[in-house]
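Below: one structure, written as structure tokens.
The values are calculated or read from the model by the stated rules, or taken from the named source; none is laboratory data. On a predicted model such as this, the values are computed, not experimentally measured, just so you know. Neighbour counts are summed over all protein chains in view; Cβ atoms, including those assigned to glycine, are modelled from backbone coordinates with ideal geometry. Note: areas computed on protein heavy atoms with side chains; ligands, DNA, RNA excluded. Shrake-Rupley method; radii C 1.70, N 1.55, O 1.52, S 1.80 Å.
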Amino acid sequence: MAANGQRRSRQDDESPSNPNKKRKANKNPEKNLLFNLNSCSKSKDLSAALALYDAAVASNEVRLNQQHFQTLLYLCSASISDPCLQTLAVERGYQIFDRMVTSGLTLNEATVTSVARLASAKGDGDYAFEIVKDFASVGGTSIPRLRTYAPALLCFCERLEAEKGYEVEEHMEAAGIALEEAEISALLKASAATSRENKVYRYLHKLRESVGCVCEETSKVIEDWFCGEKAGEVSSDGIGSDVEMLREAVLRNGGGWHGRGWVGEGKWIVKKGNVSSTGRCLSCNEQLACVDTNEVETQKFVDSLVALAMERKAKMNSSETKVDFSEFQDWLEKHGDYEAIVDGANIGLYQQNFADGGFSLSQLEGVVNELYHKSGDKKWPLILLHKKRVRTLLENPTHRNLVDEWINNGVLYATPPGFNDDWYWLYAAAKLKCLLVTNDEMRDHIFELLSNSFFQKWKERHQVRYTFTKGNLKLEMPPPFSVVIQESEKGSWHVPVASQNNESSRTWMCISRRSVLDSLKINGKLETSENGDSS
């Protein structure tokens with residue numbers, strides 16, 4: 001009985017309903033304060049949070065730590081969008097931050113971001129930038145991010161302190177932080193308002209590189225610039241007369257832009273219209289480009305693939321037959337007149353995950369024949385398939401003749417053991433700048449050799465996807481044009497505006513100078529802005 005009584009006593013002590021146990025848990029004032037501050041943060045109750053903070057300071061019983069200050073500063077920075085709370089949030093936020101610094105606590109990125117936002121709300125871009133620079137100079141595991149720099153940059157741009165905005169951008173670039181649309185748009189607007197035409201040109205290209213379709217707000221910034229008086233005064237300084245040089249620059253860049261500066265003279269005409277399914281602008285009749293990667297980016301990618309293959313060779317053990325990737329490079333140099341590369345394994349194994357499924361040579365043959373018939377010069381594609389798979393196909397009497405024919409005609413290349421055949425078909429497609437037929441999502445680490453923006457652009461231009469529905473093949477060819485900002489050799493600009501509607505109804509801004517429009521056929525009557533006037 002005594003034992004049972006002791007057991008019940010322990011159970012009572014451990015019961016959540018035991019008031020003594022609850023009072024014991026509440027004896028940690030730091031945890032209680034953090035819990036209550038987090039509750040205020042979730043409900044966005046700044047006044048309650050400040051009351052808790054003031055009480056804790058007055059009591060001298062709570063040891064405020066980094067989490068307490070971080071939560072308070074976040075709530076202050078989140079309250080600046082409310083006009084009724086902005087002044088209070090800024091004043092108290094500064095006081096709380098001063099106490100945090102005086103306490104000798106370490107700052108982290110979240111805290112610095114909150115303080116930078118408070119400084120920006122106060123119109124003090126200098127302090128917002130200074131605190132970020134000081135934080136970055138310390139180093140450590142917590143480093144500035146885009147959101148940490150953005151308050152200073154946006155504050156400078158809003159106040160038209162363009163040079164200071166450029167300084168923030170330089171600091172970000174040195175830290176490896178890329179601008180996004182909101183920051184680029186702000187820099188573009190500040191540059192336009194302060195008549196820095198070369199900077200405007202630069203930020204238009206920044207938008208082209210970083211953003212597919214611009215938002216309505218950014219499109220208004222662009223329209224205001226081109227409709228302004230200063231834009232009409234900007235001349236090409238002789239560049240526009242060298243059409244051949246501009247055309248070569250466009251080709252070298254992969255199409256869609258030349259980057260050589262403003263072209264032409266006189267006022268700009270801004271039209272809002274649509275683009276046909278084939279990429280023909282219905283405002284000026286100009287054909288938009290399917291933008292490819294530039295020569296430097298592509299060669300860097302090709303070199304990276306070769307280096308990876310060579311590294312794999314060096315790691316092969318002595319029992320493996322060492323095959324040099326350069327053998328394929330030499331072979332491709334001699335036979336490299338291909339318009340398409342085919343990922344044989346991906347196609348042969350497509351939808352074969354059923355009981356009697358295996359490698360479907362008929363599917364592969366169907367893709368090869370379709371590509372041959374689609375080729376204007378009737379060229380066969382190149383199939384890349386692992387040597388082990390090729391050997392198995394040759395051992396099958398039903399398949400042997402076709403596979404032999406492909407090998408003898410240079411249509412099939414067998415990749416060696418120990419190598420990933422992905423390297424071969426990707427290298428060939430990149431080296432020859434041709435199409436690549438595969439449904440492979442290419443998420444493997446080897447496809448992360450370059451920036452994601454590069455690889456997405458490359459895939460959009462070169463990858464051909466396919467489907468087989470009840471045995472019927474459908475090839476999904478790359479789109480005929482790219483939905484990105486484009487700059488033509490004639491000096492005109494085409495800017496796609498973000499829309500939730502389908503592609504055919506997307507609004508494009510067509511921006512040209514009068515001399516260019518006069519030389520082009522205008523299709524239809526569309527909404528036009530010419531230096532702020534409709535015509």
Counting only protein heavy atoms and using a 1.4 Å probe, what share of the accessible area of the chain belongs to carbon plus sulfur, as a whole percent?
47 percent
Show the residues, 5+ positions off or on another chain, whose built amide H is closer than 5 Å to the amide H of Val342.
Leu382, Ile383, Leu384, Val437
Enumerate the whole-percent occupancy of each 10 Å bin, from 0 to the last occupied one, for all C-alpha pair distances of region 183-247.
20, 47, 29, 4
Angle between the chain longest axis and helix 181-193 axis [Cα atoms, degrees, rounded to 10]:
90 degrees
What number, in percent, do you get for the relative contact order of the chain if the mean sequence gap of Cα pairs under 8 Å and at least 6 apart is divided by its residue count?
15 percent
Provide the descending list of Cα extents for region 347-424 along its principal axes, expressed in whole angstroms.
39, 28, 26
Restricting the count to DSSP beta bridges whose residues both fall in the chain, what percent are antiparallel, rounded to a multiple of 5?
65 percent
List, largest first, the extents of the alpha carbons of region 50-143 along their principal axes, each in whole Å.
36, 33, 17
Per 10 angstrom bin, beginning at 0 and ending with the bin that holds the maximum distance, the Cα pairs of region 99-140 fall in percents of 29, 57, 15
At 1.4 Å probe size, with every protein chain present, just tell me what the per residue accessible area of the chain comes to in Å².
52 Å²
Could you give each residue of region 396-401 its phi-based ³J(HN,Hα) in whole Hz, using Karplus coefficients 6.51, -1.76, 1.60 with θ = phi - 60°, and x for Gly or Pro?
8, x, 5, 9, 4, 4
Write down, largest first, the equivalent ellipsoid semi-axes of region 155-285 in whole Å, where each equals the square root of 5 times an eigenvalue of the alpha-carbon gyration tensor.
25, 17, 17
For the pair Asn409 and Ser47, how long in nm is the line joining their label points, each one 7 Å along Cα→Cβ?
8.3 nm
Could you give each residue of region 258-266 its phi-based ³J(HN,Hα) in whole Hz, using Karplus coefficients 6.51, -1.76, 1.60 with θ = phi - 60°, and x for Gly or Pro?
10, x, 9, x, 4, 10, x, 9, x
Sequence order, region 365-374: Karplus ³J(HN,Hα) from phi using 6.51 cos²θ - 1.76 cosθ + 1.60, θ = phi - 60°, Hz rounded, Gly and Pro as x, gives 4, x, 5, 4, 5, 5, 5, 4, 6, 6
Expressed in angstrom and ordered largest first, the alpha-carbon extents of region 209-285 along the principal axes are 34, 33, 26
For the chain, alpha-carbon Rg over 2.2 N^0.38 Å:
1.32
A correct Kirkwood calculation over the Cα atoms of region 113-193 returns a hydrodynamic radius in Å of 12.3 Å
Distance from a point 7 Å along Cα→Cβ of Ala78 to each backbone N in region 90-124: keep the residues under 13 Å and list them by number.
114
How far apart, in nanometres, would the label points at Gln351 and Asn285 be if each is projected 7 angstrom from Cα along the Cα-to-Cβ direction?
4.4 nm
Stokes-Einstein D in µm²/s, Kirkwood radius over Cα pairs - region 251-312 at 4 °C with 1.567 mPa s viscosity
86 µm²/s
So the FRET efficiency between Arg247 and Lys433, C-beta based with R0 = 22 Å and rounded to 0.05, is 0.80
